[in-house]
1. Here are ASP143, ASP132, ASP72, ASP109: which of them is surrounded by 12 or more Cβ atoms within 10 Å (Cβ to Cβ) and either on the phi < 0 side of the Ramachandran plot or at pLDDT below 85 (or both)?
2. Could you tell me which numbered condition GLY56 fails, if it satisfies all but one of (1) more than 25 Å from the chain's Cα centre (by Cα); (2) assigned by TED's automatic domain parsing to the domain that holds PRO81?
3. Which residues, counting only those in segment 60-79, are in contact with a strand residue (DSSP E or B) (Cβ under 6 Å, 6 or more places away or on another chain) and farther than 22 Å from SER101 by Cβ?
4. Can you find even one residue in segment 173-182 that is surrounded by 18 or more Cβ atoms within 10 Å (Cβ to Cβ) and over 30 Å from THR104 (Cβ atoms)?
5. Would you kindly identify the helices (runs of 4 or more DSSP H) lying entirely within segment 1-70 that contain at least 1 residues that are under 30 Å from ARG82 (Cβ atoms)?
Amino acid sequence: MNNSVGSTGRVLWAGLRALLVLTLVCGVLYPLAVTGIAQLAFPGKADGSEIEDASGKVVGSALIGQSYLDGDAPDLRWFQPRPSNGLGTNSVNTRYSILLSGATNRSGDNADLIKWVTDAKAAAVKDNSTNDYKVKPADVPADAVTSSGSGLDPHISPEYARLQVHRVAERNHLAVDRVDKLVADHTEGRVLGFIGEPRVNVLRLNIALRELTGGQ
């Protein structure tokens with residue numbers, strides 16, 4: 001009986017020591033080491049890839065798309081991101097209307113998807129046509145009418161950015177060539193020259209546009 005109690009005690013003590021050591025190593029030392037290395041090697045990415053405006057105020061992340069609205073409608077003074085409808089919002093934390101990340105998972109013949117794409121194309125044609133520039137349905141790129149796989153993509157294609165140039169120039173009383181140059185200056189190439197596609201970060205582009213308009 002005594003031997004059994006002693007053996008049980010030794011096993012429990014060994015398990016407790018293992019728990020304490022693993023908690024210290026995995027729960028304290030390892031996270032501190034990873035955090036420290038990340039802060040030294042990639043401080044911007046480790047802190048969420050935050051983007052600051054000209055005044056130094058954090059206005060968003062380079063990794064998460066934003067909406068630019070005037071009430072419930074798009075604010076046409078600004079470059080617009082990809083659509084993000086169809087994903088819904090969280091129903092647990094109702095304090096914030098947070099867009100859920102994920103694909104719409106609609107098939108190509110789904111009635112909802114067809115309506116979203118059709119409506120988005122009509123809106124892209126209407127919104128981006130100006131007095132001296134008319135958008136044709138064939139000019140509208142795919143990313144102007146479909147959401148990304150995550151629904152939170154912060155980038156648009158250079159084609160979609162250029163489609164919006166005339167409208168943005170007109171709404172902000174700027175020359176078209178100045179806004180066109182803004183898009184060109186903020187177009188990122190393929191990673192390592194061959195991975196992915198050229199892209200434009202909408203938040204960075206709109207920050208530059210705000211500086212160009214004098215912070216209006």
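The values are calculated or read from the model by the stated rules, or taken from the named source; none is laboratory data. Note that the structure is predicted; figures quoted are calculated from it, not measured. Quick reminder, even Gly has a Cβ in these numbers, built from the backbone with ideal geometry, and neighbours come from all protein chains shown.
1. Working: ASP132 fails: surrounded by 12 or more Cβ atoms within 10 Å (Cβ to Cβ); ASP72 fails: surrounded by 12 or more Cβ atoms within 10 Å (Cβ to Cβ); ASP109 fails: surrounded by 12 or more Cβ atoms within 10 Å (Cβ to Cβ).
Just one listed residue meets the conditions, ASP143.
2. Of everything listed in (1) more than 25 Å from the chain's Cα centre (by Cα); (2) assigned by TED's automatic domain parsing to the domain that holds PRO81, GLY56 misses just condition (1).
3. Hit for segment 60-79 is ASP75, nothing else.
4. Taking segment 173-182 and keeping what is surrounded by 18 or more Cβ atoms within 10 Å (Cβ to Cβ), we get 179, 182.
From the residues that got through so far, the ones that are over 30 Å from THR104 (Cβ atoms) too are 179, 182.
Scanning segment 173-182 turns up at least one residue that is surrounded by 18 or more Cβ atoms within 10 Å (Cβ to Cβ) and over 30 Å from THR104 (Cβ atoms).
5. Values: elements: 2-24, 30-41, 43-46.
Helices (runs of 4 or more DSSP H) meeting the threshold: 30-41, 43-46.
Yes or no, residue by residue, for (1) at pLDDT below 95; (2) of a type in the set (A, V, I, L, M); (3) over 25 Å from SER84 (Cβ atoms); (4) over 17 Å from the mean Cα position of the chain (by Cα):
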| position | (1), (2), (3), (4) |
| --- | --- |
| SER150 | yes, no, no, no |
| HIS166 | no, no, no, yes |
| HIS186 | no, no, no, no |
| GLU211 | yes, no, yes, yes |
| GLY215 | yes, no, yes, yes |
